[in-house]
Each structure stands twice: as C-alpha cells, then as structure tokens.
Amino acid sequence: MGWAAQRSASRRRIRARQGTEETSFRRLPHDIITDIFLRLPAKSILRCRAVCKEWRTSTTNPSFVAAHARLQPAQVVLYKYLDAGPYEVALDVVPFSDDGDNADARRRLIRYPRTRSMLLLASCNGVLLFSKPDNGNFLLCNPATWQWAELPRLPEALRVAGVGEYQYAFYFHEPSNEFRILLRRGHSWPRASSWHILSTGAAEPRRVAAVLPPGASITSNSLMTALPDALNGRLHWPPRVVAATVAGASTTMTVTTEMVVFDTVAETFGRMAGPPTVTAELVKLFDIEGRLVAADFGEEEHVDLWFLEDYGAGRWERRHRVATAWAPRWLAGVERGPPREAADLVCVAAAGDGEGNVMLGSHIWLAVYNLRTRTTRTVASVGPGRNMLVSRHVFSESLVRHPAFAARSAADLGVTFSWC
C-alpha cells in the first residue's frame, strides 16, 4: 500500500472513531448532556454552540444560561503588564485550581493601554465596570459575550477630577434586571450627602433620598480601599471600630465594630454588627456558599476568617486562622509587603468558591485555603518576577445577555482595547 493510500485509510479510521464517539455521546440522556455543559467554561460553551443545532438550542436557553452563570466559580483578577506592543495592561483571571506554574490555567479577559483614560473600578455578575474620568462616563463590559453597555453620563455638577473622589458601589438589581452604580462625591466635596443611581435602564442619573445612619461613615476614596460585598440584595461595606474597652485588670480587649448596609430594593441605608476585631480597617468582605465572610489581614503572620453565623443577630465567629508567607520585595522603588493600612488592600484578594476554597493574598503571596481540609496551597504562577499584580476584584463568567448590552467597537466607545 502506497503512502497516499495509507494516509487515506488512516483518515477513514479517525473519522469512524470520531463518529462512534459522537454517536455514543449523543445517546446520553439530555439531562446528563446538559449537566456536562453546565460544568464547562464559557469559552467551551460558545464552541459547543457551533457543533449542531441541538446543542445551540440547549446552550442558548435562558434557563440554561442563568444556571450556568450561577455555577461559575469566582476568580481573582490579575493585572499583567505586557512588555511589548501598544497594549500594556492585560486583565487575566486565576482559577482556584491553579496549583503550579501554569500560565495556561489563567484566562485573558481584555487588554488595553496603560493610561488613566480607562480604569477598572469593579466587577459584578460577569461584568466589568470601567470609568472614563475625562468625560464622566462609565462603561460595562462582558468579556464572555464581547458586549458593552454605557451608563448614563454624569452631569457636570456631579463630576470630579478623579474617580477616587467618589464613593461608589457596583451591583446587579434583580427586580429590574439592571446593573447599577450607587454613587456620590466624597467627603472632601461640598454637598457630599447626595446619592445618585446610574443604571443600564435609565437615560440619566437618578437622585435617591437615602442617607447614612447617624454616626456612620464610608471611606471617601473608593479606589484605594475594599469595596462592599453584595449578598441577598444588600451591599455590605467593610467594618470600622466604634468602641474598644478593657475590663478591669484584664488585658483582654472587647471590640465593637459596625458595618454600613444598603438595601438595593428599598434603597435605604442601615447598619449591622461587624466582626469583633481591633484591626477592622484591614478587613475584606466576601461571600461563600451564601454566607458573609470577613478576612482580617491585621496580623502579618496569619489571616483570620470570621463567619457571620446569624445575620439577624449580627453574630460573628472566627472559624479559621490561615498562616501567611509574605515575601516582601521592591517594586517601582517601593518595598511592597503585607497590608498595613486600608489603602494596601487595593492589591489584596479575598474570594471563595463553591468547593470550600478561599483565595487570599497579593502578588507577594497568594494561596488557596480549603475550609474543609484546613490545608493551604500556594499559587506559584503568581509571585515575584511574574510582572503582574493581584487586584481587589473578583470575576465570575456569565453568558447572560442583557438588553442594554451590544457588540461595540473601540471607535464607538472612544477607548482602545483588545479581547486577546
């Protein structure tokens, strides 16, 4: 048999084997195939839609898309600084399964020039929030669907020179199916008490009558501190110490902290008890399996994990203490070490997935701690010499298409970006 005949026979065997495998897969019950699809990342789902009409119908069904989004794990966003080309900043995500020097485990979201004309502010439900400080505009981006949306532009009276002068929170409003920003000027500006809501379903910002409870406060520079965590229709800001006492001759200090809470449906502010830690200014909030968790970075040797055991009573319990291994290093002429003040949390991650894993740390130490086995695993692909920074943002993929989003070009948006 000649070489051409051998190659032809080999191709026939490959096609026959592939046909057998495809037929065997299609013989599986529809529920099992759907369950397999639900466990795939968004990129794989998009490829499956091109296979056949049946798969496309199954994976574009709104109930499937919503269920797929709910099952997607949280991933920490990394800033990767590229050495060549016009695009200098790339946003990657590192999964909880990254257990070594595996660059393939990370996934690129978007890249753009390293300028102040496009700043990443927050992430929510698979959507990234960017700002354009030069014109008071806010952009929403879904990297999974390659779609963008614009929020109502701020009027001149509400604009400030820098986004850091705003107090803001980014969230998804389920009753209206809208993405929204709750925003106001910081304390350093006159008339700072006016809150406004910018939403994807509105033509202009809407002023709300909500006011903070007496004596409550929110940090004035949202770019340099931990952002609120959204859980069960409420926004929860990190705690602050309101009282600290030492009883008699005892050396044990009793600490009382409180957190500001915003009800996104009633659009009212309230307060609730925070974890009783004296280093509340170094706490980052996140949620895992429907519970609010506070990661306390106040001690260099360990991170305490406080769990909100009773939401109504505001009862917190310290369930875990995670040993750290910070490796301070010099970056841009400044020694970068463990967080020592609230502003340091801008490059510190705290996130959980549905498998009992918690990712903690920064670019000088990043680890995954398992709540069930109480073991810690270092993420080796992030660290000194990797030319990247850990951000405070957490991202979960979503293929849900919202009415206000559409495919937009860089020219339409007035920004420069690339998906790869």
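Taking first residues from the stretch 89-101 that are at positive phi and partners that are modelled with pLDDT of 80 or more and buried (at least 22 other Cβ atoms within 10 Å of the Cβ), no Cβ contact under 8 Å between residues at least 6 apart in sequence or on separate chains turns up.
Whenever a residue of the stretch 49-69 is of a type in the set (F, W, Y), its partners that are surrounded by 13 or more Cβ atoms within 10 Å (Cβ to Cβ), lying with C-beta atoms within less than 7 angstrom and at least six residues away or across chains, give the pairs W55/C48; W55/R49; F64/T34; F64/S58. Of all residues assigned to the stretch 23-44, at least one qualifies as being at pLDDT below 80, open to solvent by 40 Å² or more (accessible area, probe 1.4 Å) and among the β-branched types (V, I, T). Any residue in the stretch 292-309 that is part of a loop (DSSP other than H, G, I, E, B) and at pLDDT below 90? Scanning the stretch 292-309 turns up no residue that is part of a loop (DSSP other than H, G, I, E, B) and at pLDDT below 90. Within the stretch 363-411, restricting attention to residues that are of a type in the set (S, T, N, Q) and assigned to a loop (DSSP other than H, G, I, E, B), the residue that is farthest from F297 (Cα to Cα) is S409. With respect to being at pLDDT below 85 and open to solvent by 100 Å² or more (accessible area, probe 1.4 Å), R47 falls outside the description.
Picking from L371, L389, L331, L345, which residue would you name as being under 21 Å from the mean Cα position of the chain (by Cα), farther than 17 Å from Q75 by Cβ and modelled with pLDDT under 90?
Numbers: L371 fails: modelled with pLDDT under 90; L389 fails: farther than 17 Å from Q75 by Cβ; L331 fails: under 21 Å from the mean Cα position of the chain (by Cα).
After ruling out the rest, the residue left standing is L345.
Taken as a whole, the condition of being without any contact (Cβ under 8 Å) to a residue 40 or more places away in the chain and open to solvent by less than 20 Å² (accessible area, probe 1.4 Å) applies to L308. Within the stretch 242-283, the set of residues being open to solvent by less than 60 Å² (accessible area, probe 1.4 Å), within 17 Å of G215 (Cβ to Cβ) and modelled with pLDDT of 90 or more comprises T257, E258, M259, V260, V261, F262, F269, G270, M272, A273, G274, A280. With respect to the stated conditions, L360 is at pLDDT 90 or above and either in a loop (DSSP other than H, G, I, E, B) or not charged (D, E, K, R) (or both). Per the conditions (1) in contact with a His (Cβ under 8 Å, 6 or more places away or on another chain); (2) within 22 Å of D92 (Cβ to Cβ), the sole criterion not satisfied by M359 is (1). Whenever a residue of the stretch 256-271 is in contact (Cβ under 8 Å) with a residue 12 or more places away in the chain, its partners that are exposed (fewer than 14 other Cβ atoms within 10 Å of the Cβ) and not in a strand (DSSP E or B), lying with C-beta atoms within less than 7 angstrom and at least six residues away or across chains, give the pairs V265/P175; F269/V211; F269/P213; G270/P213; R271/P213. Here A266 meets each of (1) in contact with a helix residue (DSSP H, G or I) (Cβ under 8 Å, 6 or more places away or on another chain); (2) not in a strand (DSSP E or B) with one exception, condition (1).
The values are calculated or read from the model by the stated rules, or taken from the named source; none is laboratory data. Predicted model, so just to flag it, every value in this text is computed and none were measured. For neighbour counting, all protein chains shown are included, and Cβ atoms are generated from backbone atoms with ideal geometry for every residue, glycine included. Remember, those area values only see protein heavy atoms, side chains included, never the ligands or the DNA or RNA. Shrake-Rupley method; radii C 1.70, N 1.55, O 1.52, S 1.80 Å.
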